[in-house]
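Encoded as structure tokens, the structure appears first; notes follow it.
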Amino acid sequence: MNTYEPPIFVVGLPRTGSTFLENILGKSPGVLELAEVLYLSPWRRDFRYFLRTRVGDLSEDENLKRMVDIVFSEHEPIPGITGSFWRMGGGIRAIGEIELRNRVFHAMEVSDRSLPSILRILLREITEFNGCRRCSVAFPVYINHLNELFDWFPQAKVIHMTRDPRAIAMSKTNDPGGTAIYNQKFPYLKYFIRKAMVAFVVVQYVWASRVHAVFRNHPNYLVVRYEDLVVEPAQTLRHICRFAGIEFTNDMLEQPENRISRSSITGELRTKADVTVASKWKNMITPLEDFAVTWLCKGSMARFDFDPKSHPVYANTSQTREQVVAGLRKT
């Protein structure tokens with residue numbers, strides 16, 4: 001059996017391309033791709049809520065068994081375990097296996113049954129059961145819980161995905177799993193919902209940039225800009241793989257059919273990093289929204305070392321873009 005190694009965590013704000021990157025990392029040999037966990041989050045009911053409302057005190061064996069049975073069974077969405085990690089087919093190929101369920105239960109039974117122990121055991125047992133040496137995991141915690149994540153997994157690699165806040169805002173206003181649902185339910189409030197989502201993204205982005213400022217020099221932390229990934233996918237991905245300690249292969253840049261996703265901005269299918277769609281949000285944003293988000297997030301973009309005026313992703317022509325990229329490589 002392969003020797004288990006610390007996980008690779010992909011964190012950041014929603015709509016930044018983090019799931020896309022996590023899918024790519026899962027194609028590296030020996031790496032198991034696990035879907036979004038949403039273990040700790042201030043904005044929604046998380047795993048703590050699930051334990052409190054559906055399980056109870058884990059010091060009692062009966063409650064521990066109930067928790068494991070629920071997690072490893074097919075079920076309708078349960079508040080607190082709604083991320084795709086907890087659903088059948090969400091990247092955990094053997095989640096319904098009785099042997100794996102028993103292994104997880106027995107490991108938790110002799111643990112201290114704390115939040116970090118539960119997550120550590122789940123990731124390790126699932127990874128080893130699938131014959132892999134390590135896993136890549138999306139959104140185990142929200143960005144403000146990054147300190148806890150490093151405390152729980154001191155040797156893990158953490159990749160923080162970020163993106164132009166204007167692009168995040170426009171993607172958020174058309175999020176098929178969130179905003180689009182509210183727009184359908186309350187069509188007469190579309191204008192106010194849109195403005196609320198833009199404001200929410202600004203608050204999140206500023207918050208994330210401050211977290212980044214705290215961890216930017218941590219040896220196991222790496223920030224990745226979505227714009228860099230689409231402009232120079234091979235070079236950026238090689239850098240990520242070196243940081244994470246995993247093997248880079250050329251086929252990592254192509255997504256398999258069952259992992260193809262649609263852009264929430266354009267509706268187009270995305271099979272690989274595509275620089276031509278990275279600025280399509282400009283067709284959706286209003287001049288006032290553009291000005292407001294840029295002004296409010298100016299300092300935060302600087303913290304992420306992102307300059308929207310000079311980044312090659314926004315070059316007007318492919319020739320200009322190639323010239324800027326060539327210049328960046330020389331610096």
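The values are calculated or read from the model by the stated rules, or taken from the named source; none is laboratory data. Bear in mind that the values here come from a model prediction, so they are computed numbers and not experimental data. Positions of Cβ are generated from backbone atoms using ideal geometry, with glycine treated the same way; all protein chains shown enter the neighbour counts. These area figures cover heavy atoms from the full protein model, side chains too; ligands, DNA and RNA do not enter into them. Shrake-Rupley method; radii C 1.70, N 1.55, O 1.52, S 1.80 Å.
General remarks:
- The accessible area of Val223, taken with all protein chains in place and a 1.4 Å probe, comes to roughly 40 Å².
- For the pair Ala302 and Val203 in one chain, pulling the backbone fully straight at 0.36 nm per residue adds 34.1 nm over the alpha carbon distance.
- Computed 3J(HN,Hα) for the stretch 46-58, one whole-Hz value per residue from the Karplus formula 6.51 cos²θ - 1.76 cosθ + 1.60 where θ = phi - 60°, is 10, 4, 4, 5, 4, 5, 5, 9, 10, 10, x, 5, 6, glycine and proline marked x.
- The local environment of Ala196, defined by Cβ-Cβ distances under 11 Å, has a net charge of +4 under the rule Lys, Arg +1 and Asp, Glu -1.
- Helix 115-129 and the longest principal axis of the C-alpha atoms of the chain enclose an angle of approximately 90°.
- Calculated from backbone phi, Karplus (6.51, -1.76, 1.60) coupling profile of the stretch 16-33 in Hz, x at Gly/Pro: 9, x, 5, 5, 4, 5, 4, 4, 5, 4, x, 8, 6, x, x, 10, 9, 7
- Per-residue surface analysis assigns Lys190 an accessible area of about 110 Å², computed on protein heavy atoms at 1.4 Å probe radius.
- Residues with amide H under 5 Å from that of Lys27, placed H, sequence gap 5 or more: none
- Charge sum, other residues only, whose C-beta stays under 13 Å from Glu247's C-beta, Lys/Arg counted +1 and Asp/Glu -1: +3
- Size check on the chain: the Cα extents along the three principal axes, sorted descending, read 61, 49, 38 Å.
- D_trans [Stokes-Einstein, Kirkwood Rh over alpha-carbon pairs] for the stretch 122-223, 20 °C, 1.002 mPa s, µm² s⁻¹: 133 µm²/s
- Its Cα centre serving as origin, the chain has a Cβ charge dipole (Lys and Arg +1, Asp and Glu -1) of approximately 1100 debye.
- For the chain, with all protein chains in place and a probe radius of 1.4 Å, 52% of the accessible heavy-atom surface sits on carbon or sulfur.
- In degrees, nearest ten, helix 98-109 long axis to first principal axis of the chain (Cα): 80 degrees
- Total formal charge among the other residues, if their Cβ is under 11 angstrom from that of Ala208, Lys/Arg +1 and Asp/Glu -1: +3
- Computed over protein heavy atoms with a 1.4 Å probe, the accessible surface of the stretch 1-79 works out to 44 Å² per residue.
- Under 5 Å between amide hydrogens, built in the peptide plane, is the criterion, and for Val10 it picks out Val137, Ala138, Phe139, Ile159 among residues at least 5 positions away or on other chains.
- Axis angle, to the nearest 10 degrees, between helix 233-244 and the longest C-alpha principal axis of the chain: 40 degrees.
- Dipole of the chain, positive direction: furthest Cα of Ile168, Thr286, Val71, with charges on the beta-carbon: Thr286
- The length gained by stretching the chain between Gln184 and Lys65 to full extension, at 0.36 nm per residue less their Cα-Cα distance, is 38.9 nm.
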